[in-house]
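Shown next, in structure tokens, is the structure this report addresses.
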Amino acid sequence: MNENTIETLRLLVVSRDPAVLRLLWSFAEPGSWQLETAANGWEAMERVQSGAAPELLLLDLARGDADCLQLLPWLRRLCPDLPVIVLCHSEDAGAKKEASRLGAQDVLVRPFSEEQLEFLIHKYFGPSNDSAEAEMVSEDIESLGEDELFLSVSPIMQKVRAQAELLAQADVPVLILGEPGSGKGTVARLIHKLSVYSGFRFLRVNCAEMPGDLLEIELFGREHPSGNGSSTGAGRTSLGKLEAGEKGTLLLDEITKMPLGLQARLLQVLQDKRFVRSGSDKPVEVDVRILAASSDNVDRAIAEKRLRSDLYYRLSAFTIHVPPLRQRRDEVNILLRYSMHKLARYYGLPPREFTSLALAACQNHSWPGNLKELETFVKRYLVAGDKELTLSGFETSASSNGNGSHRQSLNLAGAAREREEVEADEGMLPKSLKSLIQSVKWETERNAIAAALEKTGWNRKAAARLLGVSYRTMLYKIDQYHMSASEPYPAPFPETRLAGASQTKGNGKAS
């Protein structure tokens, strides 16, 4: 479309939801398209009938108002070429199917993300209807709330989605297995969303992030004695996640990192639906759906006495295996573009288009760090463009030794050059870009340290010598970046959450 055409485009919205109208106003750039509203479907039909038909109509169904869909056949008769988008609620059974049958081009089911709605508008008002943004409104992409999406574009993830939907209907524990960063937490959220627990809280505890005594309090809570020393005085109670998640879902991430004593207590909770809080002798009844996840080899964890076999058998009756990103290459381009738009909006920058060279390199890359690695790459590509392909070592990062094992390439000189270049220009950049470049510098330093530690088998003194820094500095940096030998690939900084996976505003770790 040329600019003169774009200026005349009109979007007619039938909605009683002020939040939807505010959202659409925020999407409309000055001079791009005009937003008009109608109080109800019949007013919208009168406008179409009067000859003032818009270029796009958005019909927002109120909860339980499926009768409004009967407007669609009339609109099709009056203006067959008018595209119609329908927004409906997930509890309105059959509304999506009925809207499509009656002629709606696209249907979004709440909850949906701002990006999905924006991409859908640009599908019709953008430069072309087959743009990359149109991919993001596919029925294979589901919003899970909190800026998190589940992608089932590839056949292997469609199978995972079917398993999640089946297990969501049963009140049983589920064990979710997969490599770090593959999206285990997102699968857990999908199970929660599709279950009867979806109206209640989804809570998550990473068992690897805290020592055993704190983890016990985090899960089971604690009864504090009264301050006056009286045996009859009422003490203060700290609720644990098992109680706070009443009637909801609790995800225990990295379950093999939980101390064996706590594993025994968890097994008791799974069996009896009750526990005794520390500092008290009264049993506490619990009603929470428990999901567990691990990136470990569970058979090895059992053999090494890091996971109780009885707990494993209790959890593993129903197991979902989340495939790594290298087995889901159909999703890579969508994830790249979606992440780019999220990060660009977060930093207040225009999104950078991926070149054909970049897309080809990303398709050929093995992504050993899964979604964490992809998020880091997109953030750096936003700054450096195609230059980032070399800086990230895409051409040399996957190599094999005599045993065929994968290793991370070490390019300290490239990392140092990158830091010097961005530091030289940083003083002339706007604040939002400065913050992005600062995070890129942190990632560069962290990646170099991680690569040195991996190359030396986590011998910190040898890694310090390799990098030319003191041993004290090495220990400080390891602590600063919260690094551990159990993490095979450095997480992005600051952490983002992506779909299948997670995104920019989340504060949990991708799993």
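In the context of the full set of protein chains, the stretch 286-341 has a per residue accessible area of 42 Å² (1.4 Å probe). Would you work out if the stretch 318-370 is rounded, prolate or oblate? Take a ≥ b ≥ c from the square roots of the eigenvalues of the alpha-carbon gyration tensor; rounded if a/c is under 1.5, else prolate when a/b is larger than b/c, oblate otherwise. Note, shape of the stretch 318-370 comes out oblate. When only Cα pairs below 8 angstrom with a gap of at least 6 residues are kept, the stretch 278-386 shows a relative contact order of 25 percent.
Count Lys and Arg as plus one, Asp and Glu as minus one, and take only other residues whose Cβ is under 11 Å from that of V288; the net charge is then 0.
A Cα-only calculation for the stretch 186-299 places Rg and Dmax at 15.2, 50 Å. The peptide list 259-267, 302-310, 182-190, put in order of mean Cβ contacts within 10 Å with the highest first, becomes 182-190, 259-267, 302-310. Peptides 475-482, 41-48, ordered by how many other C-beta atoms sit within 10 Å of their residues on average, highest first, read 41-48, 475-482. For the stretch 38-68 versus the stretch 313-343, the spacing of their alpha-carbon centroids is 38 Å. The calculated P(r) of the stretch 248-321, using every Cα pair and 5 Å bins from 0, goes 3, 14, 26, 26, 16, 9, 4, 1 in percent. Summary value for the stretch 150-285: 23 percent relative contact order, contacts being C-alpha pairs under 8 angstrom separated by 6+ residues. The alpha-carbon atoms of the stretch 279-326 define a convex hull whose volume equals 149 cubic angstrom per residue. Our estimate of slack between V196 and S100, defined as 0.36 nm per intervening residue step minus the Cα-Cα distance, is 32.0 nm.
Packing, as the average of other Cβ atoms within 10 Å across residues, places the peptides 203-210, 370-377 in the order 370-377, 203-210, highest first. Of Y471, Y197, the order by accessible heavy-atom surface (1.4 Å probe, DNA, RNA and ligands excluded), from most exposed downward, is Y471, Y197.
The values are calculated or read from the model by the stated rules, or taken from the named source; none is laboratory data. Keep in mind it's a predicted model, so treat the numbers as computed, not measured. Note that each Cβ is placed from the backbone with ideal geometry, even for glycine, and that neighbours are counted across all protein chains shown. For the accessible areas, the whole protein counts, side chains as well, though only heavy atoms, and no ligand, DNA or RNA atoms are used. Shrake-Rupley method; radii C 1.70, N 1.55, O 1.52, S 1.80 Å.
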